[in-house]
Amino acid sequence: MPKNKRVRQPALTATKPKGMEHKEQLVESIRAAADQFTHCFTFDLSNLRTTHLTQVRQDLSDSRIFMGNNKVMAVALGRTKEDSYKENLFKIARRLTGSCGLLFTNRSKKEIKDYFSGFEIADYARSGTPSTIDWTVPKGPITQFGHEMMDQLVKLGLPIKLDRGTLLCLADTTVAQEGEPLTPQATQLMKLWDIKSIQFKIVLTSHWTDGVARAIAPPKA
């Protein structure tokens, strides 16, 4: 005879998957911000660094910044005229592509544009990203480091010898070439030489207030 299978009763309180719950919370938070603040901006980011973004959040502590799944953020604003959370808010949802975010604030448009107008912070490049510069360690003495750095520099690929207590690079050594991916060794050498070759940037792309949505022209190079 077939064995009796235990019949499992469905839970009285079904729980939603964590991913779905997080998405719903993001939508609710964005819509709450749309009710609370008079201005909404979309922005693009380049070379995101948590430390620098934290500084922006602190500088704009009276505002709200959202970064998350672009499709979910677009749903919160509304993707069509019919489901737009507020009048014409759906128009700026189209700007949510790539590395981007939303900024809700009661500060004036001019104040926010002025804050971000020249907003760039130099930082070190990361391994695997295309180099933005050509950089070579020239042949000759390396005076900024002591003899104790010799083993580390050799491990990082530099042809080094010690001459009377001074480190010498034996040949011009190309570390980075523009457009080519950076190796882990290259990024470590650039840090040792304090070469910050990338820029953390936030560029405003559109603005909404009181039912009016407009694109924001990119800053001139």
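The values are calculated or read from the model by the stated rules, or taken from the named source; none is laboratory data. This one's a predicted model, so the numbers in the text were calculated from it and none came from an experiment. All Cβ positions, even for glycine, are placed from backbone atoms using ideal geometry, and neighbour counts span all protein chains on display. The protein model used for the area step is the full one, side chains on, heavy atoms only, and it has no ligands, DNA or RNA in it. Shrake-Rupley method; radii C 1.70, N 1.55, O 1.52, S 1.80 Å.
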Practice task
Determine whether segment 13-22 contains at least one residue that is at pLDDT 95 or above and part of a loop (DSSP other than H, G, I, E, B).
Solution key: no
Exercise for the section: Taking L102 as meeting all but one of (1) in a strand (DSSP E or B); (2) surrounded by fewer than 17 Cβ atoms within 10 Å (Cβ to Cβ), write down the number of the exception. Expected result: (2)
Exercise for the section: State which residue pairs qualify: first residue closer than 12 Å to A186 by Cα and free of Cβ contacts under 8 Å to residues at least 40 places away in the same chain and inside segment 148-161, second residue open to solvent by 50 Å² or more (accessible area, probe 1.4 Å) and not acidic (D, E) in any location, beta carbons under 7 Å apart, and separation of 6 or more residues or different chains. Expected result: L156/Q185; L156/Q188; G157/Q185
Problem - Enumeration of residues in segment 153-180 that are closer than 19 Å to S127 by Cβ, open to solvent by less than 80 Å² (accessible area, probe 1.4 Å) and part of a helix (DSSP H, G or I) - result: L153
Exercise for the section: Please enumerate the residues belonging to segment 185-221 that are more than 30 Å from E111 (Cα to Cα) and open to solvent by 70 Å² or more (accessible area, probe 1.4 Å). Expected result: Q185, Q188, K191, D194
Handout entry: Subset tally (residues that are crowded, with 16+ Cβ neighbours inside 10 Å, closer than 16 Å to R214 by Cβ, within 21 Å of the chain's Cα centre (by Cα) and among the basic types (K, R)) for segment 56-96
Key = 1
